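Novice: The following block contains the structure, expressed as structure tokens.
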């Protein structure tokens, strides 16, 4: 892996963008994860919302992200520029996110989370396309793995900062408002650090559409991702499970930090492994890991089991997060790569809201065990479907 990383860093343009997007992801997640692990407790304990409300908020939030990713990716292909949308998206998210500290009802949190996710939806597909265009194809997995590792390093620091602030006597609202500090740093980095070069074939791009070049393998891949996402509800439910199993409120950010430590540890090795072995075997291994972890949550009743499962859950992310995106770049040409990343996210959006809402309703109606087993079963089904994804020949 060290030799491959040296090759990535040898290219001046790739080095600047890979490192730049990594730093931006790090600071953005410091800001985001000072809030997110405490949000379920804030909603249920301070604002007196139920598990179904948590599912609605997070389902709407993630669906918003995925829908906007498609349109922002499509627009970046037409514009032939990635950075403007990338920078604006980070700016919007970090401007509104700390306002959760001023919310007095879960409906207000829903609106703020919606605006926050609008920013993420605007930035994500252009960012992924720009990253894919900054490195050679044989190093895509490693580059995406590094970006995810930096993202999770920030997500590790954020909860630790929140925990320290809790012990120092800060309220949940006060912590949410302080998230503006790393957010401002993120905006500065996004607007001034990353650069882009003109895309090849800019004059021909307006005559090319995603539907005209989409391969059957890519379309089946989208369907497969959709099935998996049906069982991939918001991770807020994992925090609720941890709280019910006896993990204290002050320790929830630490537990969340452990998860992101695990993600950071496994992200680059997972991406590198996909460069060597292929994307499909690594993604399948990750989805099987997800199924096993969710089955474990269904039976977990002790704090020790919760801590072990949170660490194991990070392995799934390391094997899948960056690799799934690298697979999109393998399947589709650069001329429509923004649209392809948007379509990938659209496949997630169609199932993200029903996934979280259904999980919350099953939890309330039949208990958490049934909800977690439902997620594990859908992950197993998606793993079987992935066997039939065929890359095909470029058109």
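Bear in mind these aren't lab numbers, they're just calculated from the coordinates by the rules spelled out. The structure displayed is predicted, hence computed values, not measured ones. Methodologically, a virtual Cβ is constructed for each residue, glycine included, from the backbone with ideal geometry; neighbour enumeration extends over all protein chains shown.
Novice: Helix 106-132 versus the longest principal axis of the chain: what angle, 0 to 90°, nearest 10, using Cα atoms?
Specialist: Helix 106-132 sits roughly 30 degrees off the main axis of the chain.
Novice: Between residue 181 and residue 220, what FRET efficiency comes out of the Förster formula 1/(1 + (r/R0)^6) with R0 = 35 Å and r the beta carbon distance, rounded to 0.05?
Specialist: Computed FRET efficiency for residue 220 and residue 181: 0.20.
Novice: Next question. Under the Kirkwood approximation applied to all pairs of distinct alpha-carbon atoms, what is the hydrodynamic radius of the chain in Å?
Specialist: 20.9
Novice: For the chain, take the longest principal axis of its alpha carbons; what is the angle in degrees between that and the long axis of helix 83-96, to the nearest 10 within 0 to 90?
Specialist: Roughly 10 degrees, rounded to the nearest 10.
Novice: Which one of 167, 36, 344 has the biggest mean-square fluctuation once the chain is modelled by GNM with Cα springs under 10 Å?
Specialist: Between 167, 36, 344, it is 167 that shows the largest mean-square fluctuation.
Novice: How far apart, in nm, are two points set 7 Å out from the Cα along the Cα-to-Cβ line at residue 48 and at residue 111?
Specialist: Output for this residue pair reads 2.1 nm.
Novice: Using only Cα atoms, find the angle between the long axis of helix 337-366 and the longest principal axis of the chain, and express it within 0 to 90 degrees, rounded to the nearest 10.
Specialist: 20
Novice: Residue 388 to residue 138: FRET efficiency via 1/(1 + (r/R0)^6), r the Cβ-Cβ distance, R0 25 Å, to the nearest 0.05?
Specialist: 0.50
Novice: With a 10 Å cut-off between alpha carbons and a GNM built on the chain, which of 276, 82, 117 moves the most?
Specialist: Evaluated over the chain, the most mobile residue of the options is 276.
Novice: Right, another one. Evaluate E = 1/(1 + (r/R0)^6) for residue 276 and residue 104, where r is the Cβ-Cβ distance and R0 equals 45 Å; express this FRET efficiency to the nearest 0.05. Display every interim value, and only then the final one.
Specialist: Working: r = 52 Å, r/R0 = 1.16.
With a Förster radius of 45 Å, E is 0.30.
Novice: Would you kindly calculate the translational diffusion coefficient of region 267-395, applying Stokes-Einstein with the Kirkwood radius from alpha carbon pairs, for 25 °C and a viscosity of 0.890 mPa s, and quote it in µm² s⁻¹ without decimals? Each step should come with its number before you reach the end.
Specialist: Details: Rh = 16.1 Å.
The Stokes-Einstein estimate is 153 µm²/s.
Novice: I need the shape label for region 221-293. Rule: rounded when a/c is under 1.5, else prolate if a/b > b/c, else oblate, with a, b, c from the alpha carbon gyration tensor.
Specialist: The shape class here is oblate.
Novice: Rounded to two decimal places and with Rh computed the Kirkwood way over Cα pairs, what is Rg over Rh for region 326-395?
Specialist: Rg/Rh: 1.12.
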